[in-house]
Amino acid sequence: MKKFIVHIIPNAHLDPVWLWDYREGLNEGVATCRTILDLMDANPDLTFIRGEAAIYEHIRRTDPATFVRILDKIRSGKWDAVGGSWIQPDTNLLDSETLCRHYEVGLRYFREKLGVAVKCGWQADSFGHTAGLPEVFASGGIENFAFTRPPIEHFPIKTAAFWWHGRGDAKILAYRSPVGWYGNERTEMIPRLDLLPAWSKKTTLRNVAVFMGLGNHGGGPSQRLIDDVRAWAAQHPEFDVRFGGLHSFFAALRRELAAPGAPKIADVHGELNFSMRGCYASVARFKHPYRRAEHELQRAERTVALLQRAGHAPAPDLSPAWESVLFNSFHDILPGSSIERGFDEQIDEVSGVRHTARDAAFRALNSLIGRVRITVPQVAADHPRAVPFLLWNPHPRPLQTFVEIEAMADHRPVWKYHHKAHELPLEVRLGGKRVPFQILATEHESFGDLAWRKRVILPVTLPAAGWHLATVAWVEGSVSPAYSSTATGQGQSIRNDFYQISAKPGAAGIDVRHRGKKLFGARGLHLATLADNFGSWGAMNEEPDGVRLTKTLGRWKIARVAVSESGPLRASLVVRLATAGAHADLTLRLNAGVEEVTIDARVFTDLEAARIKLVLPGPRSVECEVPAERVTRTAEGEIPVLRWLRARDGRKGFALASDVLAAYDLEKGDLRVTLARATRYSRAENLDLGQEWWRPTTDRGELRERLVLAPLNAAIEQTADVLTQPPIVTMAWVNPLGTLPATGSLATLTPPAAQLLALKSVPGDRTVDVRLKNPTNGTLRPVLTLAGKRYALGAIAPGVVATYRIGSSGAAKTVKLGS
């Protein structure tokens, strides 16, 4: 019998933010790497693995001499650069493009700055892994993957090494160590290795990797750990014990699996979940701005890339903003398990991303405005002109929707309508033609008796990746044209052609009827407070009472109801539900002719050890979006969801999209959406509210979320696109010398089922990269028309992520992430 080969993998897992802030975390990266380099000099056989491009870049900028030493060790083969990502992200909660961008930015960094083509993914501590990860790995050339969570007892797999399959062609050789985790205590190395003799009798594999390092706050191997490995090896000559890296380990493992009579290993399809389920909802005050930063940055990047490609605007460098988004997807930041001060600072960073994105889009669209011919109707002397607005659709398909515009009727109040501001006659035009509109309440509550500033909603059809012009004006005698459908509100209910919604004070639920039938049965749409006595991570050991939250606290009742908008284009019903320690204002909106319900939630909470859930009775299973994939789930318990889901009970059900929410569960035929979770910051143990009561509770105060409810067969994927990246409305100016028409399109993508993850400029000329995902079960052959030129992008198999580079001339070519 051949010897077992034990590959000792020294590593130093580092949380850049957790029980400390980012400054301490990054500088620990410097300190740890300096210590490791000294140990390697003193122990020539010692190896080390290090991932996370962000850590390398901090060392390069902060301590160039140490960076040079690292490069020398890489060239010697002793230092193994692994992972391929910018940081070790949470892969259940970030956007699909953010996951792809990790490997695009990270792999490029490893190649350009370290001279390494990374083939081994590495997620030491991330809390589970999306089903979309194999296809993302494959699109970047990563062939192998090592991880430790979820652990064996929570997610059993028959063999330590296994083939992890994507829905397309991806087949990743994955490995989870059968003994120990990524780190160890100072005295733990020999007891861990002592587990190998017994394990070796149960496996057919001859190569095994065992991780070694002090973990979490850097650390890495110590001289004692190194000496203990050598001592154990000397006492166990039946094992070939060697220090190694992930690349050398997986190379040996692949040789073993390719040899005649090779052992059989398991095949795994789908997600590697679940772990630390409380993280799907912890610290919404960070999760919400983070998710919005992702969406706004993607929209801005696409906008500036399209306008640069067409020659209408320069493209600013958004890579620093992307690096911030990537850093903040780290698996102790985005999941909500860090200290309060850390979150204060990381919220500041993602807020900066949002401002950068808005400003980039604003400046690019102003460049477009400066090129569009903009005229307004002639007016009488000393009468204000119409105010023009440019409406921008960032999606590569035509968009029929409603937009809101708020404008000044005049620079000063129109005194003719003093004390009767509601009578001021308006005219709204789209492309020069009068269109139906509805006057809404303005965003301010000042000077209500003055006719001055007005807000309207109007139906629009916007060209694919293009613009249209609208104007708002005070025009005497003007009457809004009729629209083909209506939405109305009266008393305590609203309705359109598809839905009727009503609520009564004292009741527990909101009655939602779709095409005449109660959508949520007798209980209606309602809220529930569930006891949740677990810390930041939730049930850390998958305890049943943490996986499924079943204890109800108090009762919610409808306290107030009002129709705030009564049509004819939009009707809105505001419902206040209240319970002890919390209340929520749900504004349910119906647009004329649209088979959707928009729900704007404002949740006010002063709860502890609890979570508030929006309950939608009926479904037994959900099909939902997860990062870079879609999955179907039927098991009861807390689950992460990205932007949309379809909830079913047989052939009945509904679809739901959200801008920021990520934590759902199925429980006895109910779909329950977590709106707020009240726990403690960075607390591992269960909560004891009688001890240290002054400790801050997460997410006290107000949280805002938006959801869209639609029929089961609706194109909820496209609804989610528009919900998260809505059209941009920008005030313009009269520009009669502009050379571009009042409406235009810069790109189209067909078929609609092809999911556009990114369209971005490549530094240099007008080259763009286009990234697509095929979320369907059939092969797609997408066609992109860009600046008037048609590009056939080739076949994309189901589940596959593909990136195309389109130069200023020539055909589109497929490229790997990181190229």
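Of the residues R651, R373, R781, the one with the largest accessible area comes first in the ranking R651, R781, R373, computed with a 1.4 Å probe on protein heavy atoms.
Rg/Rh, computed from the Cα trace of region 397-470 with Rh as the Kirkwood radius, has the value 1.04. With 0.36 nm allotted per residue and the present C-alpha distance subtracted, the R790-H419 stretch has 127.9 nm of extension available. Normalised by 2.2 N^0.38 Å, where N is the number of residues, the C-alpha radius of gyration of the chain stands at 1.02. Where does helix 64-76 land angle-wise versus the long Cα axis of the chain, in degrees 0 to 90, nearest 10? Long axis of 64-76 versus the principal axis of the chain: about 60 degrees. For N541, project a label point 7 Å along Cα to C-beta. Then give me every residue of region 180-206 with its amide nitrogen under 20 Å of that point. Residues 180-185, 192 qualify, since their backbone N sits under 20 Å from the label point.
Within the chain, the longest run free of exposed loop sites, counting GluC sites (Glu not before Pro) that sit outside DSSP helix and strand states (H, G, I, E, B) and have at most 12 other Cβ atoms within 10 Å, spans 477-684. A crude spin-label estimate for the pair S484 and W181, with each label 7 Å from Cα along the Cβ direction, gives 5.9 nm.
Take T779: with every protein chain present and a 1.4 Å probe, its accessible area is about 70 Å².
Working from label points 7 Å from Cα in the Cα-to-Cβ sense, the A441 to Q223 distance is 7.2 nm.
Cross-link partners for K789 among the lysines, with Cα-Cα distance under 24 Å and sequence neighbours closer than 8 places in the same chain left out: K760, K773, K813, K816.
Cross-link partners for K416 among the lysines, with Cα-Cα distance under 30 Å and sequence neighbours closer than 8 places in the same chain left out: K433, K454.
Working note: 222 nm ellipticity from helices only, DSSP H runs with n ≥ 4, each -39,500 (n - 2.57), summed and divided by the residues of the chain, gives -7000 deg cm²/dmol to the nearest 500. Can you give the FRET efficiency for R602 and D38, using 1/(1 + (r/R0)^6), R0 = 45 Å, r = Cβ-Cβ distance, to the nearest 0.05? That pair, R602 with D38, gives E of 0.25. Extending 7 Å from the Cα toward the beta-carbon at both V68 and K3 defines two label points whose distance is 3.9 nm. Computed extension length for K264-T634: 130.2 nm, one decimal, from 0.36 nm per residue of separation with the Cα-Cα distance subtracted.
Sparse packing (at most 12 other Cβ atoms within 10 Å of the Cβ) combined with a DSSP loop state is found for none of the chymotrypsin sites (Phe, Trp or Tyr not before Pro) in region 282-335. For R61, project a label point 7 Å along Cα to C-beta. Then give me every residue of region 313-334 with its amide nitrogen under 15 Å of that point. Hits in region 313-334 for R61 at 15 Å: 318-328.
The values are calculated or read from the model by the stated rules, or taken from the named source; none is laboratory data. Keep in mind that what you see is a predicted model, and the values were worked out from it rather than measured. Glycine also receives a Cβ, built like all others from the backbone with ideal geometry; neighbour counts cover every protein chain displayed. All accessible areas refer to the heavy atoms of the entire protein, side chains included, with ligands and DNA or RNA removed. Shrake-Rupley method; radii C 1.70, N 1.55, O 1.52, S 1.80 Å.
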